[in-house]
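First comes the structure, then the notes that go with it.
The values are calculated or read from the model by the stated rules, or taken from the named source; none is laboratory data. Since we're looking at a predicted model, the values are computed, not measured. Cβ atoms come from the backbone with ideal geometry, glycine included; neighbour counts cover every protein chain shown.
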């Protein structure tokens, strides 16, 4: 079992910020040999950032990393691997064009020589057989042809293969998210077996039952800090949920009643349907990646189409959350980034009116408070928060009556957030409808109604009056919807 | 997943994959059947020797193109490069072999250098190889302003070997396909090279040098380009600067026909060789036998490409 | 301060290159024919400008977008134009229209291949080029059709020493520039090239814009074919061959980003002039064809190396 003297990995006072956001605010974290640590927390708690630093993919602004007691100066993935750390992250690190055996071979330099192909195949087959009996995966299968669950199995099995490099610690980030119940059980059973053999595991999961059953110790994070660190025995889901909470919802403001008109958006992804009326602010909550973005995209695609699972009866505009991939046009000015959704409206005859475009930019700089002296500067000259404001201006300045927001405040500073909340509420008063996916519980306070998502379904519909953080957390972590 | 469930889930995927792998062979069989039906005498030792005469250089150029396509790049200069090699072969390699060898080795070095340049400066290979196509073309014209030169005897002798039972071009094609297949698809480093095309980040994180993969692949393209040029001159016995110009488009078509994909690192050396042979057969022999007027014979390449890609798209939609 | 801003604009460099090359040629000839060089350059460059503009719009759509069917397109269009005009001055307009329509249809067909069969643009335009080539060989069989006298003369007309073709090319460039800067279409192309997903999410009809762009490139190829036939007094299958490489080259040298999202219209003119004057200069020096090609290639490689590629991490 756990050897109290032997510390496999130790992080001391780790701090990491991304711009204005403190992802990690002084975290101490240690793993001993032969123990399984469960790492839990709500969105934005800092779990992924912490693990990326431990794995060597990210570097801390402050803090120390010690492996087997020895402090590490230059910490890289290669070094981590050489010292016995492996990770299974959610973005798969398999080459889809190679077979399962080949993917194993390229990750072990020792398999390079003659006969390496057979040894690689044997190695991965043994590992798969050991962890997932009855898996039905052949080492010759091409990874790209496998289902996502099978790819996950291969990733996990590969992480447990050993040739030259030692194996001391395996980080598993949401490993069961794409596995079915039986396979997930097999994986967790293997974790216990590995731990008994002296290998340590860090298990990140939102399935609290799994965490409590499989871990020796549970670490709870919130807002970039460790708020609880206790033996798993004796913990219950309720105590964990309570430990994760802490956001304060403001006093309930009086909301106007919009139950008059026909709903503008109707979607029925499961037993509980979603409806949004004119002037309503609808929140989409739950753990990140549980179907909220997909819902928004379905609404986006359904606008202007008749019938279907999702019905939308007005023009929509989207505020992207992932600025780089979904929102920003990096070669353009701030003004051009704002106007791009409204090009039709800015036309005078055949041409886009330069005056109208400039006026729109100036108008919105006022309204939403973009901090810049020249709207013709490149968009990237703005701070992250101000870039996000420009994306808001783009959507709000358009003719769309329905505004979709894909977790747009992630990583944005408090000042910007408050400015934007005020603007959203004002626009809603004027009759605009908002569908707002957010991973920050406090923001839900602005909403008339909140739908909590879990595993792609809506599991709860909470009116503003029923909105408490506990209810949201409970629904987010509810089990039985697997 | 239970064994049965996994196996049945894989079944439609496997049929799709099977169809895709068989597509090149199927296409070639169809074309052979067409030829056999139209002109049975063509299916003979003599017939094949004649029809597949120029197939070897095309197959080598196709394999050359395949290497860079594996790592998500493209070589638009392979055609003029083959022409350049041809000119060198018919002049220096014949008159002053040592100089000829040095020049050809240096040319491969240039290809390797391009790979490094493209990686380090993050350049689009389309534009770089486009520029290089001018360079090779210009050098070829400088070496041989007018068609001429003569191939070294050992080369013409080798390319003219009369092998018993099976025509030399077919044997050569099989050898090329098998050698490259084993090197790229079975070796450890071959998996790394292909992996670099499938998930560059994963290969880099596993500790392999991505610079090296690019350099090696480009060097391989250069090497096979050299062999292709030499083979071509071995057959034609003399050279001219434009002799290889059609090879660029043909080589790309051959790789795609052979089941290769532009991105993702999915290529098949055997498929590429088959694709090249198919194009060689369809290019002239089949169409002549079909009495398709020569005007329309050029279109054949385009039609074949489109048909095969359409078939692939359809299979893809069914669940491949 | 204003001077440095002038030199910072990317397109200025191709013009500077053009001037430098012209000066070198003029110095070599001792001032002889300096004006003639410019006049000839203004005419010849137009043919590259026309297809360069089309290629520019396609390339600006984003990486992977390129039109390789241009040479075949130009060849076919030249034949279509000549056959339709049939030596008859009255049919000039119809002939031009026919060539333009032919090119537009090719562009549409290219897009259909790309969209319906999900073939990458390189392969799609490559495949269609084979088919177009055959069509041209068949259609333009042997007959050396000459342009109507009026058309051939027109193509060689000069106004105040400036070739009318040159003016046409400038007008086209101005139109392209206006479309890019001031029209929704141009703005859409630039958006798609920078970030296709963001463009879609910002409400831009991505597929419709791509369709228009490929059709435009085809149409410009068609016009080019007709004009080439007029200028060189006859259609031929090979008349468009050099324009594949040169259309892409002027896009690159002219400062348009090959990663998409940034287009440079004046640069197309500057680069076209540069290439034509480079050719003139090298001819003046008595440089052989081989050396000329070699230098052109090295310049292209040099320019793209200096410009660098898009930042990784997409």
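Here is a yes/no grid of residues against (1) modelled with pLDDT under 95; (2) touching a helix residue (DSSP H, G or I) at 6+ places or on another chain (Cβ under 8 Å); (3) within 14 Å of chain C (Cβ to nearest Cβ); (4) buried (at least 19 other Cβ atoms within 10 Å of the Cβ):
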position: A:342; (1), (2), (3), (4): yes, yes, yes, yes
position: A:363; (1), (2), (3), (4): yes, no, no, no
position: A:366; (1), (2), (3), (4): yes, no, no, no
position: A:390; (1), (2), (3), (4): yes, yes, yes, yes
position: A:398; (1), (2), (3), (4): yes, yes, yes, yes
position: A:415; (1), (2), (3), (4): yes, yes, no, no
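For residue C:291, which of the numbered conditions (1) outside any helix (DSSP H, G or I); (2) at the interface with another protein chain (Cβ under 7 Å from one of its Cβ atoms); (3) modelled with pLDDT of 85 or more fails to hold? It fails just one condition, (1). Within the stretch C:235-258, is even one residue over 14 Å from residue C:53 (Cβ atoms), within 16 Å of the chain's Cα centre (by Cα), within 14 Å of chain A (Cβ to nearest Cβ) and in contact (Cβ under 8 Å) with a residue 40 or more places away in the chain? For the stretch C:235-258, residues over 14 Å from residue C:53 (Cβ atoms), within 16 Å of the chain's Cα centre (by Cα), within 14 Å of chain A (Cβ to nearest Cβ) and in contact (Cβ under 8 Å) with a residue 40 or more places away in the chain: present. Residue count for the stretch C:259-288 under the criterion of being without any contact (Cβ under 8 Å) to a residue 40 or more places away in the chain and not in a helix (DSSP H, G or I): the result is 3.
The rows are residues; the columns are (1) closer than 30 Å to residue B:238 by Cα; (2) free of Cβ contacts under 8 Å to residues at least 40 places away in the same chain; (3) assigned to a helix (DSSP H, G or I).
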{"residue": "B:163", "(1), (2), (3)": "yes, yes, no"}
{"residue": "B:184", "(1), (2), (3)": "no, no, yes"}
{"residue": "B:193", "(1), (2), (3)": "no, no, yes"}
{"residue": "B:202", "(1), (2), (3)": "no, yes, yes"}
{"residue": "B:214", "(1), (2), (3)": "no, no, yes"}
{"residue": "B:217", "(1), (2), (3)": "yes, no, yes"}
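Say whether the condition of being buried (at least 18 other Cβ atoms within 10 Å of the Cβ) and not in a strand (DSSP E or B) is met by at least one residue in the stretch A:13-20.
Filtering the stretch A:13-20 down to residues buried (at least 18 other Cβ atoms within 10 Å of the Cβ) leaves A:14, A:16.
Those left that are additionally not in a strand (DSSP E or B): none.
Among the residues of the stretch A:13-20, not one is buried (at least 18 other Cβ atoms within 10 Å of the Cβ) and not in a strand (DSSP E or B), which makes the answer no.
Of the strands (runs of 3 or more DSSP E) entirely within the stretch A:35-131, those holding at least 1 residues that are more than 9 Å from chain B (Cβ to nearest Cβ) and surrounded by fewer than 19 Cβ atoms within 10 Å (Cβ to Cβ) occupy A:62-67, A:70-72.
Just to check your reading of the model, which residue among A:279, A:304 is at pLDDT below 95, closer than 17 Å to residue C:204 by Cα and not in a strand (DSSP E or B)? Steps first, please.
Numbers: A:279 fails: closer than 17 Å to residue C:204 by Cα.
None of the other options fit; the residue is A:304.
Taking the stated definitions as given, is residue B:305 in contact (Cβ under 8 Å) with a residue 24 or more places away in the chain, more than 7 Å from every other protein chain (Cβ to nearest Cβ) and crowded, with 20+ Cβ neighbours inside 10 Å? No.
How many residues does the stretch B:144-157 contain that are loosely packed, with under 14 Cβ neighbours inside 10 Å and closer than 16 Å to residue B:57 by Cβ? Quick ask: steps written out before the conclusion?
Initial filter on the stretch B:144-157 (loosely packed, with under 14 Cβ neighbours inside 10 Å): B:146, B:148, B:153-154, B:157.
From what's left, closer than 16 Å to residue B:57 by Cβ: none.
Counting residues in the stretch B:144-157 that are loosely packed, with under 14 Cβ neighbours inside 10 Å and closer than 16 Å to residue B:57 by Cβ gives 0.
Looking at this structure, is residue B:222 within 20 Å of residue B:143 (Cα to Cα) and more than 14 Å from chain C (Cβ to nearest Cβ)? The answer is yes for residue B:222.
Hey, does the stretch A:198-212 have a residue that's part of a loop (DSSP other than H, G, I, E, B), under 24 Å from the mean Cα position of the chain (by Cα), within 14 Å of chain B (Cβ to nearest Cβ) and in contact (Cβ under 8 Å) with a residue 24 or more places away in the chain? There is no residue in the stretch A:198-212 that is part of a loop (DSSP other than H, G, I, E, B), under 24 Å from the mean Cα position of the chain (by Cα), within 14 Å of chain B (Cβ to nearest Cβ) and in contact (Cβ under 8 Å) with a residue 24 or more places away in the chain.
For the stretch A:368-388, the set of residues classified as buried (at least 19 other Cβ atoms within 10 Å of the Cβ), part of a helix (DSSP H, G or I) and in contact (Cβ under 8 Å) with a residue 40 or more places away in the chain consists of A:368, A:379, A:385, A:387, A:388, listed by residue number.
Within the stretch B:112-134, the set of residues being over 18 Å from the mean Cα position of the chain (by Cα), surrounded by fewer than 24 Cβ atoms within 10 Å (Cβ to Cβ), at the interface with another protein chain (Cβ under 8 Å from one of its Cβ atoms) and not in a loop (DSSP other than H, G, I, E, B) comprises just one member, B:117.
Restricting the search to the stretch B:229-259, which residues are part of a loop (DSSP other than H, G, I, E, B) and either in contact with a strand residue (DSSP E or B) (Cβ under 8 Å, 6 or more places away or on another chain) or surrounded by fewer than 24 Cβ atoms within 10 Å (Cβ to Cβ) (or both)? Of everything in the stretch B:229-259, those that are part of a loop (DSSP other than H, G, I, E, B) and either in contact with a strand residue (DSSP E or B) (Cβ under 8 Å, 6 or more places away or on another chain) or surrounded by fewer than 24 Cβ atoms within 10 Å (Cβ to Cβ) (or both) turn out to be B:237, B:238, B:240, B:242, B:245, B:246, B:259. Candidates are the residues of the stretch A:143-154 that are more than 10 Å from chain B (Cβ to nearest Cβ) and in contact with a helix residue (DSSP H, G or I) (Cβ under 9 Å, 6 or more places away or on another chain); the one that is modelled with the highest pLDDT is A:154. Here residue B:278 does not qualify as part of a helix (DSSP H, G or I), more than 10 Å from every other protein chain (Cβ to nearest Cβ) and free of Cβ contacts under 8 Å to residues at least 12 places away in the same chain.
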